[in-house]
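Notes follow the structure.
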Amino acid sequence: MPTIHNFLKSLFKVFYNAPLVAGAMVASICMFIVFGEIVDEVLEGDSHELDTKILLMLREPGNTDSPLGPVWFEEMVRDFTSLGGMGPLTLITLTVFVYLILRNLKGHAFYLLATVITGTALSNLLKIGFDRPRPDLVPHGSMTFTNAFPSGHSFMATVVYLTLAVILSQAEKSRSAKIYILSLGVLISVIVGASRVYLGVHWPSDVLAGWVIGAGWALLFWVLAEYLKMRNVLKKRGDEDTQSSG
């Protein structure tokens, strides 16, 4: 009980001193609640009609074998979808991790690694648990090896690019630069998810679920990282106050 009490007390201090962190915690909780609502819709079959309409809207009228747009656009979308693949995301994560270590930013490095590793594990567990088949309405425009729900590309792209955006934005003093970097992280995540629907390898609800749970996970780990950082700051401040009063 004393341990829980101390944890809640330190958590309150952090949230009180950093309202943005408190807002992120609330946003993360909301994301998990929305994810639960999407799960209910999918399990009850309520999302199937809308999923089907959106998939067919992205195909040439009367020809489900051909996505809308010229061939070069379809190939470009494949390039976009690769930004959420396991290979590129692993390479980007490890490259940035080593860079942060070399810059002696070990806290940021392990924050990134922990977020990505746990996110990957959660994504795989959710896919196994829900065991939702891939769409069979249209031919797949990209190779697939796992179940559909939630979209792993959408989930992991959101986790990785949002986390990278947070780390990069913290190094910027300009507010406009921070907004640009964070917006870029969101944009890349959206493009990756949308590409999965366009290529016919995911139901739209798979992608929406991936975005939501990915954002919730990224926010949760950012809050955790900020909590640990702020707790140390508050602890040091308290120790200094004690020494000065003594």
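The values are calculated or read from the model by the stated rules, or taken from the named source; none is laboratory data. Keep in mind the model is a prediction, meaning the values are calculated, not measured. Cβ atoms come from the backbone with ideal geometry, glycine included; neighbour counts cover every protein chain shown. Areas reflect the complete protein model, heavy atoms only, side chains present, ligands, DNA and RNA absent. Shrake-Rupley method; radii C 1.70, N 1.55, O 1.52, S 1.80 Å.
In the chain, taking the dipole from charged Cβ atoms about the Cα centre, the farthest positive-side position among Pro135, Gly193, Gln170 is held by Gln170.
For the chain, the longest principal axis of the alpha carbon atoms and the long axis of helix 19-44 meet at an angle near 30°.
Between helix 48-57 and the chain there is an angle of about 70 degrees, using the helix long axis and the longest principal axis of the Cα atoms.
Shown are Phe145, Phe221, Phe155, Phe110, whose ranking by accessible area with a 1.4 Å probe and every protein chain present, most to least, is Phe145, Phe110, Phe221, Phe155.
For the stretch 153-204, the fraction of 1.4 Å probe accessible surface lying on carbon and sulfur atoms is 72 percent. If you sort Leu94, Leu105, Leu162 by accessible surface, 1.4 Å probe, largest first, the order is Leu94, Leu105, Leu162.
Largest accessible area first, the listed residues Lys127, Lys173 line up as Lys173, Lys127 when surface is computed with a 1.4 Å probe on the assembled protein chains. The apolar share of the surface of the stretch 53-151, taken as the fraction of accessible area on carbon and sulfur atoms (1.4 Å probe, ligands and nucleic acids excluded), comes to 70 percent. (1) 39, 20, 15; (2) 36, 19, 16; (3) 31, 25, 15: which one is semi-axes √(5λ) of the Cα gyration tensor in Å as calculated from this entry? This structure yields the entry labelled (1).
Solvent exposure of Ile188, expressed as accessible area, is near 40 Å², computed with a probe of 1.4 Å over the protein chains only. Here each label is just a point 7 Å from Cα along the line to Cβ, and for Ile29 and Ile117 those points are 2.9 nm apart. Computed from Cα positions, the angle between helix 86-102 and the longest principal axis of the chain comes to roughly 20 degrees.
Taking all protein chains together and rolling a 1.4 Å probe, Met76 ends up with roughly 60 Å² accessible. Rounded, prolate or oblate: which fits the stretch 50-94, taking a ≥ b ≥ c as square roots of the Cα gyration tensor eigenvalues, rounded meaning a/c under 1.5, else prolate when a/b beats b/c? Oblate, because a/c is 1.5 or more while a/b does not exceed b/c. The residues of the chain have, on average, 57 Å² of accessible surface per residue, using a 1.4 Å probe with all protein chains present. Which of rounded, prolate, oblate describes the stretch 19-65, given a ≥ b ≥ c as roots of the alpha-carbon gyration tensor eigenvalues and a/c under 1.5 marking rounded, otherwise prolate only if a/b is larger than b/c? Since a/c reaches 1.5 but b/c is at least a/b, the shape of the stretch 19-65 is classed as oblate.
Given a 1.4 Å probe and the protein chains as shown, Glu44 ends up with an accessible area of around 130 Å².
Need one word for the stretch 121-163: rounded, prolate or oblate. Basis is the Cα gyration tensor (sqrt eigenvalues a ≥ b ≥ c); a/c below 1.5 gives rounded, then a/b vs b/c decides.
oblate
Could you size up the charge dipole of the chain around its Cα centre, putting +1 on the beta carbon of Lys and Arg and -1 on that of Asp and Glu, and report it in debye to the nearest 20? Rounded to the nearest 20 debye, it is 1380 debye.
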